[in-house]
Each structure stands twice: as C-alpha cells, then as structure tokens.
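Working notes, structure below.
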Amino acid sequence: MCKLSEKFFRLILREKIAMINFELSIPTKIIFGRGKIERLATELKNHGKRVLLAYGGNSLKKSGLYDKISNILTSNDIWFCELSGIKPNPSIKSVREGIRICREEKIDIILGAGGGSVIDCIKAIAAGIHYQGDPWDFFTGKARIGKVLPVAAILTLAATGSESNGGCVITNEETEEKLPFVHPSLKPVFSILDPENTFSVPPHQTAAGTADIMSHCIEQYFSKAEETFVQDRLTEAILKTCIHYGPIAMQEPENYHARANLMWASTLALNGILAAGKEGDWATHMIEHKVSAVNDLTHGTGLAIITPHWMTEVLSPENADKFVDFAVNVFHVVHDGDKLRTAREGIRRLSDFFRLLKIPASLSEAGFAADEKKLSRMAEDIVKYGPVGRFKQLDKNAVLRILKAAY
C-alpha cells in the first residue's frame, strides 16, 4: 500500500479508545417503595443502637417524617441524638459539629434524613470521626481516609444520587471553596427510598433536582471512551425519564409514578453503573461548585445554567459525533447530515427544556452578582490545580468564556 493510501485509511479508520477496564461494587442496600420506613429499626440494629439523626431545616418536621422516624427509634429502644440545620450547600462547620457529637455520644451509625446535602454531610462526618486533624484535609488532599462510621439514608429529594455512592461535596465558607471527596467506604450501608417522602418537595426544588440528575448523566455520557453502547443507552434512558417525568412531578407533586421514576433515576445516574468503563468529564461540576461556593446557589440550578454553555464551548468537528447521538437519541432531533448543526440543535433543546422547568436562564437571573474581574478570579480558582475536564480539557480562558456566557 502506498504512503498516500496508508494516510487515507488512518484518517478514515480513526483508532477508537476502548472501553476502560473497571471494577464495580454497589454495596448499598436499596429499600424502595411505599411504607418502607417500617424497615428502619431492623436495618439500624444491624449496626448498633446509638444513632445520630441528621437533617436540614423544618421541612422534615412539617412533612411528618421526623415524627415517624423518632417514634420508630424510640419504640424500638434505639437511642438517638440530633444534628439539624444542615444547609443545602453543606458547610464544613456542620461536619465539625457532627464529629464532635459522634465522639461525645459514642455513636454507632449516622442516619441522614434529607436530600444529597444531608447525606453528603454525614459521609464527611463519618470520615472524620477517627481522624485527629481537621476534616477539610480530606477535601484538599492532605489526609487519607481510614476507619469510618457507617452511614444510612432516608431520601427526601431525588437529585444527587448520594444515597448509593461514596461521594460527598462540602463547602468551606471561609475560603469560598466547594470541593468533592470520594471514597468507597463512604457508601451508605442502606438507603430507604420512598417516593411519597418527596411529595412535599416544591416545584423549584423538583426542577433543580431533575437538572442535577441530568447533569450527572451528561458528565458521564461525554467521554472519550467509545463503543460503550450499553452505558450510553442506559444514560439516554435516564435522561429521557427526566424529560418525561420532571414536568409531571412539578405540576402534580403527589404523582407517585413521576416521583418514583425520578427517585430511581437519581440513584442510577450516579451509583457507578453509567461510569463503568468510561472516564467522565466533570468540568461543569467543578465550575458550578465555585459558583455556588461564592453565591450559595442551588446546585441543580447552577448546573442547568452552565451545562449548555459547556457543551457549546467544547463542541468541535472532532467530537461532534457524541453530540449528534445526544441530540438524536435524547431529543429526537432529525439529523440532516450536518453534524455541527444537529449538535447545536440538541444543545438548544436542552436549554429549552431547562426553561420549561422554569429554571433561570442565566446566573444573573438567578441572583448571582459579578463583574468581569470577579469572574476572572473565579476562573483562576477553578483551574488552580490544573485544567478541568476530561472530554476536553479547559484552561482558565475557556472556563472564563463559559462563565461569561452563563452570566
């Protein structure tokens, strides 16, 4: 074969990146369905009889779930104390307070009743119990995890998937940082998923939760690994589930079918199945973490605003095929042969869907105040450990373009 022919075939038969070798363990026992809180005492007793009950604000008490939990614990001779007031962007201060309580009260297991913020917080507490330094060290890479306390969850918001994974994200208000930490030992030992516990979630939080689930899917969908047919089709199915049931749950808060499908979608989106054999991007999350650390923005809202602008920034002729798949398989865009046009139409339909959920169209509309100098400092902070993103690496200039477009 002549050199010209060899070059020609190398261009056409571009070497594909194979599915990455992987190991998958999902040890969390999922207890799903109506009335499954009846299993709470039995499951807790497998791990001890001294419990820290952690939750956020008054919504747990208003919904009646707090009384159900406390009555079950009391009637089954399970001693418990409480950590309340955990914020939507959980603070390292709550983590430190939880560690103090657990040590003083010799807690056996931590039970988080709430959404991802509460569950993230109890994971960080569990990691810090047997560590003598500050728990923030785990998030800055200064400490390695050792022995942990078991954690369990009663989920009240379909969004983060924290109910079945080992990740947590904590905010340090003093340094204006919001950082993730992941370790397999932090996966809950069990999680109770009763869709009825999400009936009281208001429309704007339902919308943000739906966007959060979709963002997790998108972060893992756009990967350099190719021929991941199973993972990609599963991801598309979860995205389409959100597109179908998100608006229904907002309009009919007590629609069990909508709440159940969103709750299960939340778990499947980030329990490791979609990521198996792939390397996700996660640049959007890193950008949003900085935004919400500075402005205390609802995580799902920030993701919905930033994601389409990330897509526009990274789209290129070289990676357009993945965007075409997204447009055609998720939003049923008719592909006319122009890959970039089809890709951009898919991005536009995603933006339109978030607007349908009544999520703000921009950071400024969401109440985020910033000038160009502030955005520049934020971009610099986001990449201070190096470029972000794996589908396409982004430097400070690229991140700044995204922030400006989103603002």
So, in region 30-96, how many Lys pairs have Cα atoms under 19 Å apart, if the pair is 8 or more places apart or on different chains? 7
For region 29-198, using Cα atoms only, the Rg and Dmax in Å read 14.7, 44
Could you put TRP282, TRP310 in order, starting from the residue whose Cβ has the fewest other Cβ atoms within 10 Å? TRP282, TRP310
If the cut-off is a Cα-Cα distance under 22 Å, which lysines reach LYS404, setting aside same-chain residues fewer than 8 apart in sequence? LYS178, LYS290, LYS358, LYS373, LYS374, LYS384, LYS392, LYS396
Cα→Cβ-extended label distance, 7 Å offset, between HIS204 and ASP137, nm: 4.0 nm
Note the per residue figure in Å³ for the convex hull of the C-alpha positions in the chain. 146 Å³
By per-residue mean of other Cβ atoms within 10 Å, what is the highest-first order of 325-338, 388-401? 388-401, 325-338
Ordered by packing density, taken as the mean number of other Cβ atoms within 10 Å over each peptide's residues, highest first, how do 209-220, 98-109, 184-195 rank? 209-220, 184-195, 98-109
Give, as ranges by residue number, the residues of region 77-101 whose backbone N falls under 15 Å from the point 7 Å along Cα→Cβ of GLU174. 91-97
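Figure the gain on full extension for LYS404 and HIS332 (residue separation times 0.36 nm, minus the Cα-Cα span) and round it to one decimal in nm. All intermediate terms of the calculation are to be shown ahead of the outcome.
On the way: separation 72, 0.36 × 72 = 25.92 nm, distance 2.96 nm.
Here the segment from LYS404 to HIS332 would lengthen by 23.0 nm.
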So what's the Cα pair-distance distribution over region 203-406, bin width 5 Å, in %? 1, 8, 16, 19, 21, 17, 11, 5, 1, 0
For the residue pair ALA361 and LEU340, what label-to-label distance in nm results when each label sits 7 Å from Cα along the Cα-to-beta-carbon direction? 2.5 nm
Using the Cα atoms as the points, what is the convex hull volume per residue of region 63-150 in Å³? 93 Å³
Subtracting the Cα-Cα distance of GLU252 and ASN71 from 0.36 nm times their residue separation yields 62.2 nm
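Would you please report the Å³ per residue occupied by the convex hull of the alpha carbon atoms in region 104-237?
Numbers: hull volume 21.1 nm³, N = 134.
Spelled out: Cα convex hull of region 104-237, divided by residues, is 157 Å³.
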Collect residues whose amide H, placed 1.01 Å from N in the peptide plane, falls under 5 Å from the amide H of SER91; neighbours closer than 5 in sequence don't count. THR171
With label points set 7 Å from each Cα along the Cα-to-Cβ direction at THR312 and VAL189, the distance between them in nm comes to 4.9 nm
So how compact is region 301-407: Cα radius of gyration and Dmax in angstrom? 14.8, 42
Helix-only mean residue ellipticity at 222 nm, the chain, DSSP H runs n ≥ 4 weighted -39,500 (n - 2.57), per residue, nearest 500. What is it? -15500 deg cm²/dmol
Could you order the peptides 170-180, 156-166 from most to least packed, using the average number of other C-beta atoms within 10 Å per residue? 156-166, 170-180
Apply the Karplus parameterisation 6.51 cos²θ - 1.76 cosθ + 1.60, with θ equal to phi minus 60°, to every residue of region 275-280 and state each ³J(HN,Hα) to the nearest whole Hz, in sequence, with x for glycine and proline. 8, 4, x, 10, 10, x
With Cα atoms, 0 to 90° folded angle of helix 3-12 axis to the chain main axis: 40 degrees
Sorted by chain and number, the residues with a modelled amide H under 5 Å from that of ALA54, at a separation of 5 or more or across chains, are LEU83, LEU111, GLY112, ALA113
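Here, each number is a calculation from the coordinates, and none is a lab measurement. Quantities reported herein were computed from a predicted structural model and do not represent experimental measurements. FYI the Cβ positions are ideal-geometry reconstructions off the backbone, even for glycines, and counts take in every protein chain you see.
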